[in-house]
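Structure first, then comments.
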Amino acid sequence: GGGHPLLDVAGLTAGYGASPVLRDVTLQVPAGDIVAVVGANGAGKTTLLRALSGLVRPTAGTALLDGQDLLAAPVEQRVRAGLAHVPEGHGVIVELTVDENLRLGGLWRAGGRDLRAAVDEVYALFEPLARRAASPGHQLSGGERQMLAVGRALVAGPRLLLLDEPSLGLAPRVVADIMTMLRRLCDERGLTILLVEQNVRSALSVADHGVVLHLGQVVATRPARSLLHDDALRHAYLGF
Ligand code: ATP
């Protein structure tokens, strides 16, 4: 960690109707770090990722990716700028094969680099996917589907990964494997990750920094470890 913020969000306000779900959210994600956004059900975590990737239109605030204004750009341009969003429930198309899912990730790839090479790079990173390249998504385990979702996002050549609850529905051992994989992507490949999680312990264990969201507002931003060990804060906002 310790670099300049790759993602710089300030005063972000967004929602679905008249009253906003997210209010005046400010956070930074340093290059090469994992920032975990934690908070109760309905705190607005998913809405935050949707606002950044362009699925929800913010009514106020700014979001800069490496100094580039994201919020004014159409979704495709955000992807080309280096943003990739792995949605809640992974978004794998289970009727398609692993290879077909991965190639879909190249839809908006920045020009120049070869799609096949990008897919093969994912196979080199995630050996279980290479073995199952021709298998339809529905034959994969939950952990493999989550791995495929991350792999598909990587094919787009992102600098910043937005990850929505990768632990959802997975056994604790598989969750630990996924978190280890995310750490490796940052440490070995220079990726930066904004991770949204209900699984607070796992998320804060792998993250560099934690942001606590409560009723759509940031109530704490701290080194992840210090959040994990703050009993009063955990009781008040994280429910354990
Ligand atoms: P969860 O983990 O349950 O997804 P969250 O922290 O991600 O929780 P959001 O999904 O961002 O929270 O939801 C925040 C609020 O926005 C909730 O009150 C929810 O009911 C509302 N909301 C979410 N999606 C929509 C939508 N499409 N239309 C209207 N309201 C929505």
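Structure summary
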{"item": "Taking N as its residue count, the alpha carbon Rg of the chain over 2.2 N^0.38 Å", "result": "0.97"}
{"item": "Label-point separation in nm, E188 to D114, each point 7 Å along Cα→Cβ", "result": "2.3 nm"}
{"item": "222 nm mean residue ellipticity, helices alone, for the chain (DSSP H n ≥ 4; -39,500 (n - 2.57); rounded to 500)", "result": "-9500 deg cm²/dmol"}
{"item": "Residue order, fewest to most beta carbons within 10 Å, for F240, F126", "result": "F240, F126"}
{"item": "Percent RCO, i.e. relative contact order, over the chain, from Cα pairs under 8 Å lying at least 6 residues apart", "result": "28 percent"}
{"item": "Fewest-first ranking of R225, R234, R152, using other Cβ atoms within 10 Å as the exposure measure", "result": "R225, R234, R152"}
{"item": "Charge dipole magnitude, Cβ of K and R +1, D and E -1 - the chain, Cα centre, debye nearest 20", "result": "100 debye"}
{"item": "The chain - share of DSSP beta bridges that are antiparallel (%, nearest 5)", "result": "55 percent"}
{"item": "Exposure proxy ranking, count of Cβ atoms within 10 Å, fewest first, for R103, R78", "result": "R103, R78"}
{"item": "³J(HN,Hα), Karplus 6.51/-1.76/1.60, whole Hz, each residue of the range 185-190, x for Gly, Pro", "result": "4, 6, 5, 9, 10, x"}
{"item": "Dipole magnitude of the range 80-140, debye to nearest 20 (Cβ charges: Lys/Arg +1, Asp/Glu -1, about Cα centre)", "result": "180 debye"}
{"item": "The range 1-44 shape via C-alpha gyration tensor axes, a/c threshold 1.5", "result": "oblate"}
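Quick note: the coordinates plus some simple rules give every number you see, no bench work behind them. What you see is a predicted model, and the numbers here were worked out from it, not measured in a lab. Note: ideal-geometry Cβ built from the backbone for every residue, glycine included; neighbour counts use all protein chains shown.
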